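Written below as structure tokens is the structure these notes are about.
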Amino acid sequence: MATQTIQRPASSTSTPAHSAADQVSRLTRLVTLLGASIIILVIGLCIAIVFVVKDHHEVIAVTDDGRVVPVIPLDTPYVSDARVLGYVDECARKIFNHDFVHWRTTLQESKTCFTQRGGDAVEQALAPWISDIVARELTMSVSIADTPVIVKRGIFDGSFAWRVQAPISLFRRGTRVSDVPRPFMLEVVVRRVSLDENPRGIAIDSLQLVPDTTRGG
């Protein structure tokens, strides 16, 4: 009986190689795509974090009785120069108007023009004058010789401030004696303060009386 030999088709040795190369190429593209996606995701996340961190929050202050007080940065003027000069004029009349009976009340009222530090300083500065009018039963008053002027303005110690000068004369009078008016140059530093500290937004932080030799007493 004749034996028939069945020939199988020769397998191609290049097909598996091509298939592996295609898989590597696809995997490479996939990895590249995933890497790019991750980079884009990270960038987007960073941008979102920046916006969240920089998110604006409006800050408000509330007084004890529930009134909302706007928060104004202390390094901005907030008030005009004219209002500052008017404030100095008004406060000068409070600071130097006392009598030997009601001086405690008037002195306390004048301290509303000041910061805490300024109020303590002016009380010490006025102590000799108060002692004199009490001892001699006098009244003390002030005359402002000319309009106050701003000699310097800008940011000092983190807050906006004005240095103001005003020529004044101080009087001490009584029923039996009256002193000769004494001329001084009043020098004050007006500083921006929070509105809950002073509704005007400003207060006197320091005060100095310099004898004015340019005017006769």
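Derivation of every value follows stated rules applied to the coordinates shown; laboratory data play no part. A quick note: this is a predicted structure, and the numbers were derived from the prediction, not measured. Quick reminder, even Gly has a Cβ in these numbers, built from the backbone with ideal geometry, and neighbours come from all protein chains shown.
Can you tell me the order of 131-139, 186-194, 165-173 when each peptide is scored by its average per-residue count of other Cβ atoms within 10 angstrom, highest first?
Going by the mean number of other Cβ atoms within 10 Å, highest first, we get 186-194, 165-173, 131-139.
Counting only C-alpha contacts under 8 Å and six or more residues apart, can you give the relative contact order of region 89-180 as a whole percent?
27 percent
Roughly how large, in nm² to one decimal, is the mean projection of the convex hull of the alpha-carbon atoms in region 81-211?
Over every viewing direction, the Cα hull of region 81-211 projects on average to 7.8 nm².
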